[in-house]
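The values are calculated or read from the model by the stated rules, or taken from the named source; none is laboratory data. These numbers were taken from a predicted model, which means no experiment stands behind them. Remember, those area values only see protein heavy atoms, side chains included, never the ligands or the DNA or RNA. Shrake-Rupley method; radii C 1.70, N 1.55, O 1.52, S 1.80 Å.
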Amino acid sequence: MRTWDLAITLDGRADVPVFVQIARAVAEDIRRGRLKPGDRLPGSRTLAERLGVHRNTVLAAYDELHAEGWLTTHRASGTYVSDTLPDPSPRRFATTVRSRETMPARVGFDLPPLVETGASGAYPRGTLVMTGGVPDLRTVPVAELARAYRRVLRRHAREVLSYGDPRGIVRLRRALAEMVSSVRGLCATEESVVVTRGSQMALDAVARVLITPGDVVAVESFGYRPAWNALKHAGAELVPIPVDADGLRLDALRQLCTQRRVRAVYVTPHHQYPTTVVLSAGRRMELLTLAREKRIAIIEDDYDHEFHYDGRPVLPLASADVAGVVIYVGTLSKILAPGLRMGFVAAPTPLVERLAAVRTFIDRQGDQATESAVAELLEEGEVQRHARRVRRAYQSRRDALATALHRELGGVVEFQLPPGGMALWTRVNPDVDTDAWAERALGQGVAFFSGRRYAFDGRARPYVRLGFAALTENEIAEAVRRMRAALPTRAKSRSAA
């Protein structure tokens, strides 16, 4: 074990806070091997004296590095480089006149039926919401985002407040291309990326470009209804394909291909939505081969890539696509916040050009100020640091939810601990009416969805999906207690057995 010989240069005039400069310098020395796992770092007072900064500045830098997983602290002996470092290398794979002050109560023409959106309304104050993959908005780096907004508007107001490229600003497309290339294995450039207002707009635009009325699109039988609705609105005929412990059933998809001309398949291979299973390596290769042979477009929705906890993360299908059959849809909503409406598509350039054309019909362009601010956070590494911080927190929350379910509802629910994602898919004892349970639970102050919401045919299923990312560990424990209180008396006695 050796003591670190300092080599940090601080710039007091830089926009980046001093504690971040210190943290970056330490992390960079660890990356390049100058600091080895187990090396001891100077005490906070010693380092503060050497750098000429306040001790609290050094403590803030050490706290940042500890939260990101670079350092570990032993109370009796000091601060050390962690033996387990972050970011492991991923493996491949009226008839009366109305006042002008009010709108008419009815429309004066016929409207087609409304497709069920599945959107949830607001919940009463104090409700513990476990309805899905929503991040913890209390952790969003608001101060850094606000600073980035201010810098962008101060320096580039004329550009970002005017009309721009419907594909998104070059700076963000370049940053996103670098992210998916370095972390997710895609061979992307700024020319092969189009930015959208969230992944839902991306799915809608892809559907408009790809689908003509009557086209057959295969989807997962348990799945994401908003994506199904986007495809339906484009005129697709959806055919459900079963999902098992290894993900999408390729034998069923092959059988469909012998009967029908399949235009596309929509999949969530990294953490299947909603079951969280990972599409196996063999099926990944088989799906790519089938798509190439049959000229099928694969719409890959990689909605929560950063949140994989067990083992190395699996690279997207798009990373192994040499035939140009994968349309990769990503989002920053899970890393940052859904309210930023920041999604993107990475695909062959001819498709990106068509998506940009469709974008001009829908939205003309995105919010260039927000795009510029987010691009700055990506370039500075703030998004990446934030992702590392919350990934560690979400893993602990996943484990806390599993513990609470075993303790409070052990005789009622069963599940496999998912390797990643932001929710647990739990099978419920068939004696329990899951729809009624969810309704009763809302009265107890906890919200979750039953399996019916995710089933293609809309029929009841003995499952519930429980999101854990947005709640603290204490909130999770309380939410599960409320779930147990909402059970019928018979089910309660079973859980206590």
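Some points to look at:
- Arg392, Arg284, Arg208, Arg397, ranked by accessible area, largest first (probe 1.4 Å): Arg208, Arg392, Arg397, Arg284
- Stretching His156 away from Glu473 to a fully extended chain increases their span by 109.9 nm, per 0.36 nm per residue minus the current alpha-carbon distance.
- Heavy-atom accessible surface of Ser181, to the nearest 10 Å², is about 40 Å², with a 1.4 Å probe and all protein chains retained.
- Note: relative contact order over the stretch 431-487, using C-alpha pairs below 8 Å and six or more positions apart, is 40 percent.
- Enclosed volume per residue, in Å³, of the convex hull spanned by Cα atoms of the stretch 324-476: 181 Å³
- Evaluating 6.51 cos²θ - 1.76 cosθ + 1.60 at θ = phi - 60° for every residue in the stretch 291-303, the Karplus couplings come out as 5, 5, 5, 9, 6, 9, 7, 9, 9, 9, 9, 9, 7 Hz, glycine and proline recorded as x.
- Distance from the stretch 289-323 to the stretch 375-399 (C-alpha centre basis), Å: 22 Å
- Per-residue 3J(HN,Hα) values for the stretch 236-242, derived from phi via the Karplus relation 6.51 cos²θ - 1.76 cosθ + 1.60 with θ = phi - 60°, read 6, 9, 8, 10, x, 10, x Hz in sequence order (x marks Gly and Pro).
- Solvent-accessible area per residue, Å², over the chain with all protein chains present [probe radius 1.4 Å]: 48 Å²
- When all protein chains stay in place and ligands, DNA and RNA are ignored, the 1.4 Å accessible-area order of Thr196, Thr212, Thr289, largest first, is Thr212, Thr289, Thr196.
- Of the solvent-accessible surface of the stretch 359-441, computed with a 1.4 Å probe over protein heavy atoms with every protein chain present, carbon and sulfur atoms account for 44 percent.
- Restricting the calculation to Cα atoms, the chain shows an Rg/Rh of 1.00 when the hydrodynamic-style radius is the Kirkwood one.
- The candidates Thr9, Thr139, arranged from most to least accessible area with a 1.4 Å probe in the full protein assembly, appear as Thr9, Thr139.
- Across every pair of non-identical alpha carbons in the stretch 42-81, the mean reciprocal distance, once inverted, gives a Kirkwood radius of 10.3 Å.
- Whole-number D in µm²/s for the stretch 308-382 (Stokes-Einstein; Kirkwood sum over Cα pairs; 4 °C, 1.567 mPa s): 88 µm²/s
- With every protein chain in place, the stretch 230-338: carbon and sulfur % of accessible area (1.4 Å): 47 percent
- Amide H to amide H distances under 5 Å link Val326 with Ile298, where only residues 5 or more positions off or on other chains count and H is placed in the peptide plane.
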